[in-house]
Amino acid sequence: MRTPITALKNVNTGGNETWTEEEGDNTRRIASLCVLLVVSFIAAAIFPAVAKRSSYLRTPRVVFFFGKYFGTGVILATAFIHLLKDAFRNMAKAGVDERWGEYESWPGLIIMSSLLFIFLIEYASTIYVEYLAEQSTPTQDQSSGSPSNSPVPKRPGIDHVHTDCLHGEVQISEGEATRIVGVFVLQLGIMLHSTVVGFTLAVTNGSEFTSLLIALIFHQLFEGLSLGVRISSLRPTLFASHGPSLPVTEVSRLLPDSHQVKRDARAFPTLALLLAGLFALATPAGMLVGILLRTAPQDAFLVRGLASAVSAGLLIYASCVELVAGDFVFNSKMRKAGIRRQVAALASLLAGAAGMALIGIWS
């Protein structure tokens with residue numbers, strides 16, 4: 001009798017060969033799960049977040065420069081080369097036209113809806129941040145009890161400066177809030193994609209399993225580095241439990257520039273390690289779902305197709321708007337930089353896109 005369990009065991013990435021339960025099959029999958037977990041965490045956390053602030057790992061700044069734009073190309077290619085193909089192919093195998101009605105563009109509709117949804121979220125959050133910035137801007141009378149031309153206190157007066165930050169609140173500028181939202185959008189899209197590829201690996205067998213595992217190791221390495229570089233660009237003291245701090249404006253007035261840099265370097269990158277850990281868990285979580293899920297193959301294809309479509313919308317928006325346009329078109333520093341710097345950034349972008357497109361041959 002053909003049960004849903006046996007049907008799932010007959011699913012693989014090619015859809016033609018069977019997945020036979022052999023001795024040690026689950027052991028191989030659990031071992032690959034651990035490998036992908038370690039590779040993902042090292043790529044997203046150890047190198048970008050820790051090496052940038054570690055005094056023992058002296059990483060040249062040029063490495064982060066190339067890594068930033070190389071990662072942009074990786075994410076761009078992931079959206080267009082990997083996710084679009086997976087969304088259309090798996091939803092076609094799931095027979096969505098028969099389930100949901102005669103409409104040939106269900107995957108495209110879901111991708112567009114995902115893109116517009118995350119756009120509306122970011123647009124609303126940006127307006128809200130601007131509103132908070134306007135409301136929190138102190139007037140001349142509120143900001144000080146003395147005339148506006150009062151001298152700025154020297155270092156001994158630091159303890160007498162009363163700000164919200166001194167009472168434990170985090171001061172976040174408008175530009176920084178926009179970067180945080182952008183990183184969160186990127187994180188969500190990449191995690192969804194990593195979950196899908198983990199699920200795919202879990203239902204793959206035979207010689208295809210080994211080749212797909214190798215491709216996914218490089219895949220997670222590239223995506224982890226791309227995400228890690230973006231995460232490491234966030235302020236290290238953000239959401240860190242290291243005690244109260246002064247706002248940037250007060251610090252710049254009262255302390256030498258080197259003091260802020262040293263304080264940030266000593267701060268424990270709590271947020272960076274948390275986001276990197278979530279990314280590292282995404283692929284193993286997808287593999288566990290693939291191993292434990294007991295459903296019909298049509299439903300398995302539908303889950304993979306939906307997740308790929310939603311992830312594609314998120315990453316297309318993040319890569320085109322937040323990364324490519326944000327780093328090049330709307331970045332006046334990049335436009336005014338020297339020709340060598342611009343060429344190096346563009347070359348890194350193209351190299352990342354080409355590398356991820358090449359991996360698409362085997363994944």
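When the residues of the stretch 107-131 are filtered to those that are small (Gly, Ala, Ser) and surrounded by 14 or more Cβ atoms within 10 Å (Cβ to Cβ), the one that is farthest from the chain's Cα centre (by Cα) is GLY108.
Taken as a whole, the condition of being at pLDDT 90 or above and under 21 Å from SER40 (Cβ atoms) applies to GLY352.
Could you list, in sequence order, the residues of the stretch 171-198 that are at pLDDT 75 or above and assigned to a loop (DSSP other than H, G, I, E, B)? If the condition is that a residue be at pLDDT 75 or above and assigned to a loop (DSSP other than H, G, I, E, B), then no residue fits.
Of the numbered criteria (1) crowded, with 18+ Cβ neighbours inside 10 Å; (2) in contact with a Phe, Trp or Tyr (Cβ under 8 Å, 6 or more places away or on another chain); (3) hydrophobic (A, V, I, L, M, F, W, C); (4) at pLDDT 85 or above, the one VAL11 fails is (4).
Every condition in (1) within 22 Å of LEU234 (Cα to Cα); (2) basic (Lys, Arg); (3) crowded, with 16+ Cβ neighbours inside 10 Å is met by ARG304 except one, and the failing one is (1). The conditions of being of a type in the set (Asp, Glu), within 16 Å of the chain's Cα centre (by Cα), at pLDDT below 85 and crowded, with 18+ Cβ neighbours inside 10 Å are not met by GLU250. Filtering the stretch 324-349 to residues that are at pLDDT below 90 and hydroxyl-bearing (Ser, Thr, Tyr) leaves only SER332.
Quick check on this structure: which one of VAL303, VAL310, VAL324, VAL343 is in contact (Cβ under 8 Å) with a residue 40 or more places away in the chain, β-branched (Val, Ile, Thr), outside any loop (DSSP other than H, G, I, E, B) and over 17 Å from GLU223 (Cβ atoms)?
On the way: VAL310 fails: over 17 Å from GLU223 (Cβ atoms); VAL324 fails: over 17 Å from GLU223 (Cβ atoms); VAL343 fails: in contact (Cβ under 8 Å) with a residue 40 or more places away in the chain.
Criteria check complete, one pass: VAL303.
Every condition in (1) modelled with pLDDT under 80; (2) of a type in the set (Ser, Thr, Tyr); (3) farther than 30 Å from ASN26 by Cα holds for SER125 except the one numbered (1). In the stretch 90-105, the residues that are surrounded by 10 or more Cβ atoms within 10 Å (Cβ to Cβ) reach residues that are assigned to a loop (DSSP other than H, G, I, E, B) with C-beta atoms within less than 8 angstrom, at least six apart or across chains, in these pairs: LYS93/GLY15; ASP97/TYR103; ASP97/GLU104.
Only one entry of SER207, SER232 meets the criterion of being at pLDDT below 80, surrounded by fewer than 23 Cβ atoms within 10 Å (Cβ to Cβ) and not charged (D, E, K, R), and that entry is SER207.
The values are calculated or read from the model by the stated rules, or taken from the named source; none is laboratory data. All figures in this text were calculated on a predicted structure; none of them were measured in a lab. All Cβ positions, glycine included, derive from the backbone under ideal geometry; neighbour counts span all protein chains shown.
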